[in-house]
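A.B. asks: Starting off with a structure, shown below.
The values are calculated or read from the model by the stated rules, or taken from the named source; none is laboratory data. Given the structure is predicted, the values throughout are model-derived calculations rather than measurements. Glycine gets a Cβ as well: all are built from the backbone with ideal geometry, and neighbour counts include every protein chain shown. Ligands, DNA and RNA are excluded from the accessible area calculation, which covers all protein heavy atoms including side chains. Shrake-Rupley method; radii C 1.70, N 1.55, O 1.52, S 1.80 Å.
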Protein chains: 2
Amino acid sequence: MNAVKLTSTLTFRLGTLGAVLTDRFSARLAAHDLKPKHVGLLAVLDSGAAASQLDVARIMNVAPSLVVSLADRLEELGAVRRERDPADRRRQVLTLTAEGRDLLAACARAAAELDAELLEGLDQDGAETLRATLGTLARRTGLPAD
Amino acid sequence: MNAVKLTSTLTFRLGTLGAVLTDRFSARLAAHDLKPKHVGLLAVLDSGAAASQLDVARIMNVAPSLVVSLADRLEELGAVRRERDPADRRRQVLTLTAEGRDLLAACARAAAELDAELLEGLDQDGAETLRATLGTLARRTGLPAD
DNA sequence: CTTCATCATTCAAGTCCTGAACGATTTGGA
DNA sequence: TCCAAATCGTTCAGGACTTGAATGATGAAG
């Protein structure tokens, strides 16, 4: 019958693991009063893939209205600048400020520390393979991956 | 400076990928009127690791009160049986029924289908390595992994 | 047998997110 | 040129999900 064990499916494992890691990341971010999605938004801007808030919403897979509140908070922190696009005054163009770049770097460092903690004891080779494979999957899933 | 790119950290990648996959799984489960956590509970029972609701709560990393409502729903579906432990009448012992096992199997199959979709085009070897590595990480994280 | 801990349950509250409604702006025809 | 429809951002009410505190039942220790 080819019985499948739920816990060994990628769907389930990535889901549960992802939830735990997101929680940990969230805890680290508490110091900055940020949520993972705020940092995700910074990363989208840093990648240069986005311009308008709607672009960001599509890339992040969230409702446009959520981007509004995320951007509100980040603007308040001075991490992003919000300007009307002169060519189309309906669009709000978000750009990363120097502070925003620093903030993103700090958060990326925090994530890297969590990575190290997670991978402790794992062989270096396996870690690199994992990173690469996940990158491929992220791309195939339409997620920002580099 | 060793600048770290956020999107290439496992923390971020596993987090975002996990969220997407959980959404997809959730969509599949809608047919059964179940959420991923319901299925997670079934899996915990199937593993034989748990007995009381509190055990389940600890394993799943959720509040005991949440287990109550999850179990309510599953009992209503006839997927689990709920009995007071004769040796300690405070404890509610959850056990999988035959229907519960079938339901879990169906959900595991759905997850496996999503896996196939996700891995389409990926080399078989990489997929198996990925599965194994994630299993290791799950174990190191205190998550149910076989 | 009294006191304290443990387990399940209920319930109110908090967080996070979405979708509908609105105003401002742009676009594509009549 | 002018108007109808589409697009973008924003606000806001509501829904889904989860937790923590309060309660009652049961058990354990002295």
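A.B. asks: Assess whether residue B:130 counts as being closer than 21 Å to residue A:129 by Cβ, in a helix (DSSP H, G or I) and at the interface with another protein chain (Cβ under 7 Å from one of its Cβ atoms).
C.D. replies: yes
A.B. asks: Now, a different point. Every residue in the range B:39-58 that is more than 7 Å from chain A (Cβ to nearest Cβ), within 18 Å of residue B:76 (Cβ to Cβ) and of a type in the set (A, V, I, L, M), please.
C.D. replies: B:41, B:42, B:45, B:56
A.B. asks: It is to be established whether one or more residues within the range B:56-73 are acidic (Asp, Glu) and open to solvent by 60 Å² or more (accessible area, probe 1.4 Å).
C.D. replies: Yes - at least one qualifying residue is present in the range B:56-73.
A.B. asks: Please indicate, with yes or no, whether at least one residue in the range B:19-38 is among the acidic types (Asp, Glu), within 14 Å of DNA strand D (Cβ to nearest atom), more than 7 Å from every other protein chain (Cβ to nearest Cβ) and under 15 Å from the mean Cα position of the chain (by Cα).
C.D. replies: yes
A.B. asks: Go over the candidates A:109, A:101 one by one and state the one that is of a type in the set (Lys, Arg), facing another protein chain (nearest Cβ under 7 Å), within 15 Å of residue B:5 (Cα to Cα) and open to solvent by 20 Å² or more (accessible area, probe 1.4 Å).
C.D. replies: Exactly one residue qualifies, and that residue is A:109.
A.B. asks: Need the failing condition index for residue A:84 against (1) part of a helix (DSSP H, G or I); (2) farther than 22 Å from residue B:20 by Cα, just the number.
C.D. replies: (1)
A.B. asks: Look at the range B:28-54 and say how many of its residues are out of contact with any helix residue (DSSP H, G or I) (no Cβ under 8 Å at 6 or more places or on another chain), assigned to a helix (DSSP H, G or I) and open to solvent by less than 70 Å² (accessible area, probe 1.4 Å).
C.D. replies: Adding up the residues that qualify gives 1.
A.B. asks: Quick one: residue B:85 ticks every box in (1) surrounded by 15 or more Cβ atoms within 10 Å (Cβ to Cβ); (2) touching a residue at least 12 places away in the same chain (Cβ under 8 Å); (3) among the acidic types (Asp, Glu) except a single one, so which number is it?
C.D. replies: (1)
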